[in-house]
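Colleague: Here's a structure for you.
The values are calculated or read from the model by the stated rules, or taken from the named source; none is laboratory data. All figures in this text were calculated on a predicted structure; none of them were measured in a lab. Virtual Cβ from ideal backbone geometry, glycine too; neighbours counted across all protein chains shown.
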Amino acid sequence: MYASREVGFLEPKGGKIMKRSKHTIVYQILGICDGGASKTSIVYQANLNSKLVNPYIELLTKNGLIESISGRIVLYKTTHKGLKLRENFKQIDNGLSLT
């Protein structure tokens with residue numbers, strides 16, 4: 001299940017497929033990295049390609065929303081600030097809910 005299914009504004013109602021917004025992708029990556037994730041995991045779970053994922057990782061790292069943990073494999077983990085932003089996305093969605 002993709003993270004976008006958790007928040008209604010991130011997935012259009014009625015089953016119509018639309019291009020995802022940057023906010024949607026950020027929300028998904030923050031969720032994927034919650035417990036720590038490799039770049040490959042982010043690519044597959046967020047349904048991105050390797051060229052697209054790099055700018056998002058750089059943006060989120062630069063803004064303190066995820067951190068990299070060096071090891072045999074570099075893992076990315078959502079920071080407290082990133083978790084707060086993700087929660088804000090959920091609250092916004094709840095405020096915009098039409099049901």
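Colleague: Kindly provide the set of residues from segment 57-73 that are assigned to a helix (DSSP H, G or I) and polar (S, T, N, Q), ordered by number.
Modeller: The answer is 61, and nothing else.
Colleague: Do we have residue 62 as in contact with a strand residue (DSSP E or B) (Cβ under 7 Å, 6 or more places away or on another chain), more than 21 Å from residue 20 (Cα to Cα) and of a type in the set (Lys, Arg) here?
Modeller: no
Colleague: Which residues, taken from segment 74-99, are at pLDDT 95 or above and either outside any helix (DSSP H, G or I) or among the aromatic types (Phe, Trp, Tyr) (or both)?
Modeller: Across segment 74-99, the qualifying residues are 74, 75, 76, 77, 78, 79.
Colleague: List the pairs whose first member sits in segment 59-72 and is under 16 Å from residue 25 (Cα atoms), whose second member is of a type in the set (Asp, Glu), and whose Cβ atoms are under 9 Å apart, counting only residues at least 6 apart or on separate chains?
Modeller: 61/67
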